[in-house]
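Right, one structure below, let's go through it.
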């Protein structure tokens, strides 16, 4: 459990992050880069220079991130999506969210297993667990930049939709793989793992539909804005807890279904910019900020010294897998439906921005320290996320200009 000193430390970091956010935005520094750097610098200063123990330990964050942060991020992302826009690009979104995402997990897992080369210390199930986290494409760090640069709206919808469904799928694969790493876990094989995956997904969606119906009933017959806000809070976490702990389904899938139901209800009622939306936007903003700060605080220099090769293997594996599934599979498969084909410059942007972010960080921070090779797994995820933040996000403006996807060059794009 976090100590009082640790809580105060994070509150001060969060305040500093908010103060530094406007100047960082003016300097075109991605928010994640600024927060990770702030967390790392503050932690090093406090522990090395002032010799103070913040009380922060690796295992402090499992419950907080798994059960508080992930539902908030998922619900906010679902609340922003428009079902009509998703339907307009349902083919590429479905491909990226499920079959291609699963293909990426197996490709990355195989490359990690072969690259790390420790069958006993880094078995295939650990490699697949790591691959699930790396496959959680999360362009949230660059969506704001895409808007400022005037990237086509369709590209933004594709990236946001992929991130939402992709992250939910990644969490389920993570859960299945994590269960298989337990010492007394039965060997299920491919068929058994597939059945577990489908059961967890379908069960979570079913629970989410039930809670979504309850939420819509309350909102339809209650005109008070505060009742609506409390109802969303109760139903979001109620759906998550019931699915996750009562039935052992996917709590994230339950939250996703609840959020999409509310998003469609709000669209039909013409609701936008109200207190409920502001509440969840604020919650997601604070939550994602805390995840980046926690990541910065828990990064150590020894991690880069000891695990640099594993990090490099993870980065290369992700780039190779992402390039293959986007250019080799997404483009040709989406081309079968002319109205939903994905242009080549879109494919390049999707491939480069599909990097792990807050969801991957959250899953890495939720790893139990008893897990075999947990430090190597966490280091790989950290290294890949940091590469995405410092290299891929920073180079995105140049790439979009080269691809003619900025507001000055995207006329005529569809």
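The values are calculated or read from the model by the stated rules, or taken from the named source; none is laboratory data. As the structure is a computational prediction, the values presented were derived from the model and not from experiment. Cβ: placed from backbone, ideal geometry, glycine included. Neighbour counts: every protein chain shown.
Quick notes on this structure:
- Checked against (1) buried (at least 17 other Cβ atoms within 10 Å of the Cβ); (2) in contact with a helix residue (DSSP H, G or I) (Cβ under 7 Å, 6 or more places away or on another chain), residue 210 passes all but condition (2).
- Those residues of region 1-33 which are closer than 22 Å to residue 393 by Cβ, in a helix (DSSP H, G or I) and at pLDDT below 90, in sequence order: 24, 25, 26, 31, 32, 33
- Yes/no for residue 101 being touching a strand residue (DSSP E or B) at 6+ places or on another chain (Cβ under 7 Å), in contact (Cβ under 8 Å) with a residue 12 or more places away in the chain and part of a helix (DSSP H, G or I): no
- Long-range neighbours under 6 Å by Cβ, at least six apart or interchain, first residue more than 18 Å from residue 167 (Cβ to Cβ) within region 138-154, second at pLDDT below 80: 150/407; 152/410; 152/413
- Residue list for region 239-253, restricted to those being part of a helix (DSSP H, G or I) and under 21 Å from the mean Cα position of the chain (by Cα): 239, 240, 241, 243, 244, 251, 252, 253
Quick grid of which residues meet (1) under 24 Å from residue 368 (Cα atoms); (2) modelled with pLDDT under 90:
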| residue | (1), (2) |
| --- | --- |
| 178 | yes, yes |
| 189 | yes, yes |
| 212 | no, no |
| 220 | no, yes |
| 245 | yes, no |
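- Of the numbered criteria (1) over 26 Å from residue 299 (Cα atoms); (2) in contact with a helix residue (DSSP H, G or I) (Cβ under 7 Å, 6 or more places away or on another chain), the one residue 88 fails is (2).
- Selection status of residue 36, modelled with pLDDT of 90 or more and surrounded by 17 or more Cβ atoms within 10 Å (Cβ to Cβ): yes
- In summary, residue 235 fulfils each of the numbered conditions (1) within 28 Å of residue 204 (Cα to Cα); (2) in contact (Cβ under 8 Å) with a residue 60 or more places away in the chain with the single exception of condition (2).
- Any chance residue 134 is within 23 Å of residue 376 (Cβ to Cβ), touching a strand residue (DSSP E or B) at 6+ places or on another chain (Cβ under 8 Å) and at pLDDT 85 or above: yes
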